[in-house]
1. For the range 92-135, which residues satisfy the criterion of being touching a Phe, Trp or Tyr at 6+ places or on another chain (Cβ under 6 Å) and closer than 16 Å to GLU60 by Cα?
2. Considering only residues that are outside any helix (DSSP H, G or I) and under 27 Å from ALA137 (Cβ atoms), which ones fall in the range 85-101?
3. Restrict the check to the range 56-74 and report whether at least one residue is under 21 Å from the mean Cα position of the chain (by Cα), assigned by TED's automatic domain parsing to the domain that holds ASN125 and modelled with pLDDT under 90.
4. From LEU49, LEU26, grab the single residue that is of a type in the set (A, V, I, L, M), surrounded by 11 or more Cβ atoms within 10 Å (Cβ to Cβ) and at pLDDT 60 or above.
5. Just the residues that are outside any loop (DSSP other than H, G, I, E, B), of a type in the set (Gly, Ala, Ser) and over 19 Å from ASP73 (Cα atoms), please, taken from the range 134-186.
6. Can you tell me which of (1) among the hydroxyl-bearing types (Ser, Thr, Tyr); (2) under 20 Å from LYS51 (Cα atoms); (3) surrounded by 19 or more Cβ atoms within 10 Å (Cβ to Cβ) is the one SER173 doesn't meet?
Amino acid sequence: GARAERREERRRKKSETKAGKDVSHLDDAPTPEAIHPSREVFNKGCYFLGKVVWGKGFHELLQRVEEHNKSEDGASFPLELDVYGSGEDFSDVSRTSAAKNLPLTFKGRADHASDQMHDYKVFVNPSLSDVVATTTAEALAMGKYVIVAEHPSNAFFATFPNCLVYRDPGEFSACVKKALSSEPAPLTTRDRYRLSWEAATDRFLDAAELGAEQSVGPGSTSADKMAEKMAHFVHSAAAKVEPLRRAAGAGAATRVGPTTVDGKWTPPWVKTG
């Protein structure tokens, strides 16, 4: 039926893309937010775009900018950032930035569909709270460099040549230096497709599809389902014990969310001092 035909079409496109064959028929795949494709020349530097709330990565953003501009690389390649966005913490964030004398210019609300975004070369997004941030995907689709932290939510973006990933302040400065001193690689047809909503939908449908082996194979018996319930019970119980959560990879002190997130709150994963 139609569903089977759609499934086969998705698999054909995927196999052609992986095999490196001609995928010119994908050139018209829509890019996120109907943004423009990559440009060859960028005449603006770095920017950040997102909701201005402390919990959306602004602690990390201010700290990374401050550390970089005090570093050796920062002396040669200072990081000046235009910040686009609005939110309940806008006044507090902008005041904190000014108090630290950071070179951040708050431009107000905008999105990647705005003409003013097209000329920027580097999107800086140090947030560890967003899961597969749409803004990062949009910036990559526009042919820009993106600088992100090493984090599971950024694993997909890290597969693109223009995604620069850092693990510590030193690597962040190295990423800034590379981005400011070179040009992003041209966006290939294959990568443009991977960043389209069509490809994202295909990945979702592939993940949601049950194969024959999942319907009647291992895991489908009553005993298997009972074992699955027991495993869920054990997992739920263990998730309430801090040492076990940490051993499983959870962040420190993240079981219960903070009651207030403001300029005085420091995320447990941000190093101070």
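1. VAL93, SER94, VAL124
2. GLY85, SER86, GLY87, GLU88, ASP89
3. Scanning the range 56-74, I find at least one residue that is under 21 Å from the mean Cα position of the chain (by Cα), assigned by TED's automatic domain parsing to the domain that holds ASN125 and modelled with pLDDT under 90, so the answer is yes.
4. Within the list LEU49, LEU26, the selection yields LEU49.
5. ALA137, ALA139, ALA141, SER153, ALA158
6. The single condition SER173 does not satisfy is (2).
The values are calculated or read from the model by the stated rules, or taken from the named source; none is laboratory data. Just so we're clear, the structure is a prediction, and the values are computed from it rather than from any experiment. Glycine gets a Cβ as well: all are built from the backbone with ideal geometry, and neighbour counts include every protein chain shown.
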